[in-house]
Amino acid sequence: MSVRFQIAVMVYLMVQAVMFGIGVMLVLATPLARDAMALMPWVVGLTAIISAPLSWWIAPRLRARFWRERGSQGDAISG
């Protein structure tokens, strides 16, 4: 198992929690609230699917090696 995969798995849970919160707010704070019972399973599924590639993209940015190779100090994600 690669280090990137291990980091991505740990980050996935946090990313999915944030994405789920955004999705719930979009459903419940808009006129879509009347269809919330039908839309919430979609929110759960879509956030699970969207969070996987997003956490895979974030994972290498949390390693110092990524930034040393580029010769920079970091960015908003890594600090």
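Couple of notes before you dig in:
- At q = 0.13, 0.25, 0.27 Å⁻¹, base-10 log of I(q)/I(0) for the range 3-68 (Debye sum, equal scatterers on each alpha carbon): -0.43, -0.95, -1.04
- Extension reserve of the I50-A17 stretch, reckoned as 0.36 nm per residue once the Cα distance is removed: 10.7 nm
Computed from the coordinates by the stated procedures, all read-outs in this text should not be read as laboratory data. Small disclaimer: the values here were computed from a predicted structure and weren't measured.
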